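Throughout, read-outs are computed from the coordinates displayed, never taken from laboratory work. Because the structure is a prediction, the values reported are computed rather than measured. Methodologically, a virtual Cβ is constructed for each residue, glycine included, from the backbone with ideal geometry; neighbour enumeration extends over all protein chains shown.
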Amino acid sequence: MNESSIFSPADKAFKYYFDNPFERKIMNIEYSVLSNFHGQGFLAGNTEMHFRKGIEEGFDGFKADMRLSSDGVIVLCHDAGYTFTQDGRIATFNKDNFTPIHEMPFSKIRDLEFEHPFEGQYLHPCTLDTMLALCEQYDVAAYLTLRAEPWRTEVARKMVELIRAHKMEHRTIINLYTGVKEAVDCVSSLLPGLVYCNTKYPDVQLTTELIDSSAADGYKIICLNNHQLETVTPEKHQYAASKGIRIWTWGVSKAPECAAHIAQGITGFQMCTRDVTNSVIAEMV
């Protein structure tokens, strides 16, 4: 069988993007946090409504944060647990007052509602199964954050089962905030060939040492915080591309920032709404 015959058109575009890091194509990933959606109201991240709005916005992929319920269901949540209002709805996360997701069965989690209604309805937590079904149906990429927790191996195993079930092997990025090679090795042993992103916290700058170590550990993306733009010189971008790595950024919220990043060589973004990048990309790419 010809290798190209196993790839859908969306798979081929995804593969081409990472196989040709010198090309100035942009990938936009929908960020997975609570946002004021075009001023229409607060839209909770990691919900089915959030992903469906991302489809309407034309994002290339969705970011999701994976947590495991007490009975082994992968639930999507940016934080380790839920903080509740007095009437039992999910409020803004409070690290000093929350119920861990791994202590809650999915039968309870699925019936929870977020504090802020959107378009007249209260939203519920979403599973990875539901999110990947949307990715499969609408030909977008899955950008899955694997958190550094004791049950990471079990999450990885269940994640891989769902990736295979939804035929997303060729359009999935594994995002690691911790940059731990052991996590890459863990997932690779279960499903070889996925793309990995080494996401860094705001104080980390782009250096040749970071590029070299990321390449050695199997990453194809380094994602920096918006505040580190000055460290992404065209020379470093070219050096990263020579190592097969694309430089992305997170935390961009305004079009001028987006334009500055693209001028510096950034080729990927994590953001809440596409209106930040649409006009800029149309003019520059």
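Counted residue by residue at 0.36 nm each, then reduced by the alpha carbon distance between them, the extension gain from residue 212 to residue 263 reaches 16.1 nm. If a paramagnetic tag sat 7 Å from the Cα of residue 177 along the Cα-Cβ line, which residues of the range 191-212 would have the backbone N under 16 Å from that point? 197-204, by backbone N distance to the label point. What you get for the chain, charging only the Cβ of Lys and Arg (+1) and of Asp and Glu (-1), is a dipole of about 360 debye around the Cα centre.
If you plug the beta carbon distance of residue 188 and residue 85 into 1/(1 + (r/R0)^6) with R0 = 35 Å, you get a FRET efficiency near 0.25.
Computed over neighbours whose Cβ is under 13 Å from that of residue 268, the net charge equals +2, Lys and Arg +1, Asp and Glu -1.
Derived from the Cα gyration tensor, the three semi-axes of the equivalent ellipsoid of the chain are 29, 22, 19 Å, largest first.
Bridging of residue 254 to lysines at a Cα separation below 23 Å is possible for 25, 53, 63, 200, once same-chain residues fewer than 8 apart are set aside. Straightening the chain between residue 98 and residue 119 buys 4.9 nm, computed as 0.36 nm per residue apart minus the Cα-Cα spacing. Listed by Cβ neighbour count within 10 Å, with the fewest neighbours leading, 169, 56 appear as 56, 169. Computed over neighbours whose Cβ is under 10 Å from that of residue 32, the net charge equals -1, Lys and Arg +1, Asp and Glu -1. Taking the Cα centre of the range 44-108 as reference, the dipole from Cβ charges on Lys and Arg (+1) and Asp and Glu (-1) amounts to some 60 debye. Ordering 118, 261, 81 by the projection of their Cα atoms onto the charge dipole of the chain, which places +1 on the Cβ of Lys and Arg and -1 on the Cβ of Asp and Glu, puts 261 at the extreme positive end. How large is the helix-only mean residue ellipticity at 222 nm for the chain, computed as the sum of -39500 (n - 2.57) over DSSP H runs with n ≥ 4, divided by its residue count, in deg cm²/dmol to the nearest 500? So the calculated ellipticity at 222 nm is -9500 deg cm²/dmol. At full extension, residue 239 and residue 6 could sit 80.7 nm farther apart than now, given 0.36 nm per residue minus the alpha carbon distance. Annotation note: trypsin sites (Lys or Arg not before Pro) in the range 19-107 located in DSSP loop regions with a Cβ neighbour count of at most 14 within 10 Å are 24, 95.
Legend: calculated FRET efficiency, residue 130 to residue 16, from the Cβ-Cβ distance at R0 = 41 Å, rounded to 0.05, equals 0.90.
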